[in-house]
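Okay, so here's the structure we're looking at.
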Amino acid sequence: MELINWEERLLPYRQAVDELVVKINNMKREYEALKLVPPLEEVHGRVKSIASILDKANKRGIEPTKIFDELEDIAGIRIICRFVEDIERVVNIMRFRDGLDLKVMQEEDYISNTKASGYRSYHMTIKYKMVTIDGPKEVMCEIQIRTMAMNFWASIEHSLRYKYSGNLPEELKERLRNCADAAFQLDKEMATIRDDIIEAKLISETKNNLVDEIVKNLHNLHYIAKMEQVTSFNRRFLEIYQNGSLDELRDFSSKLQTMAKLYKVEYV
């Protein structure tokens, strides 16, 4: 059997991982530069160890000479998101690159179709195009996209499988499934809290903008209306700000703006 030059054969996979990590991190920076919340939190890359490659090839009955043709996860990228909804956003971004610097070969949704173990993640198998000193090359790479909670569970489950050589006791399997469900419920609850925070922030920003507009119009009225009228407007503003609703504040701002325009026309 031909001796495999592992260092030479794995070099393109290491290059692919390095390039993909840089590109995906740059994508995150683009969101941040535009003052947008990026859909991903962390990016990690790895190339399987030789022992892991041989173990997986042996389990799948792959001959050593066909390892680099049939194993799709020698190179791996893991993208960690904050929320479940962000996973779909990342998947769509990767699909958008299809035909450019990569080719999407396969997708496996283990979030909608959870594994029996409780494992949740979204997998994309791609062919990544790159340029080496020997010319253009394509290598297979697996991209795993998951939330922080899913990643924590998967890391623990992987460690336990290693400890028990893949033969987990049934009682431990059941506990892991329960933990996986709890982690997914945590993801959903955190998404609800996130929505509440966004709504509260939007209300706060709207209120701040209304207050700025009202103060601006009161300042303008100070020069063109009678002092007692301006004082009355200001008193009403403080009453609504302290005890009124956002709709009342919005209505007062609209009326005050109309009043300011009328006084301005009369003054001119």
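The values are calculated or read from the model by the stated rules, or taken from the named source; none is laboratory data. The structure displayed is predicted, hence computed values, not measured ones. We place every Cβ from the backbone using ideal geometry, glycine too, and count neighbours over all the protein chains shown.
Some points to look at:
For every residue, the table says whether it meets (1) touching a Phe, Trp or Tyr at 6+ places or on another chain (Cβ under 8 Å); (2) surrounded by 15 or more Cβ atoms within 10 Å (Cβ to Cβ); (3) more than 30 Å from Val37 (Cα to Cα).
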site: Ile224; (1), (2), (3): yes, yes, yes
site: Val230; (1), (2), (3): no, yes, yes
site: Leu238; (1), (2), (3): no, no, yes
site: Lys261; (1), (2), (3): no, no, yes
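- Residues that are in contact with a Pro (Cβ under 8 Å, 6 or more places away or on another chain), of a type outside the set (A, V, I, L, M) and buried (at least 16 other Cβ atoms within 10 Å of the Cβ), drawn from the range 9-37: Lys28
- Inter-residue pairs, beta-carbon under 8 Å, first within 18 Å of Ala75 (Cβ to Cβ) and in the range 141-156, second of a type in the set (Phe, Trp, Tyr) and in a strand (DSSP E or B), 6+ apart: Cys141/Tyr128; Gln144/Tyr122; Ile145/Tyr122; Arg146/Tyr122
- Residue in the range 92-109 that is more than 25 Å from Leu36 (Cα to Cα), at pLDDT 95 or above, within 17 Å of the chain's Cα centre (by Cα) and surrounded by fewer than 20 Cβ atoms within 10 Å (Cβ to Cβ) present: yes
- Put simply, of Lys115, Lys137 the only residue that is assigned by TED's automatic domain parsing to the domain that holds Asp69, over 16 Å from Phe83 (Cα atoms) and without any contact (Cβ under 8 Å) to a residue 12 or more places away in the chain is Lys115.
- Members of the range 232-255 that are small (Gly, Ala, Ser) and in a helix (DSSP H, G or I): Ser232, Ser253, Ser254
- Among residues of the range 160-204, those that are exposed (fewer than 12 other Cβ atoms within 10 Å of the Cβ), of a type in the set (Asp, Glu) and modelled with pLDDT of 85 or more, counted: 3
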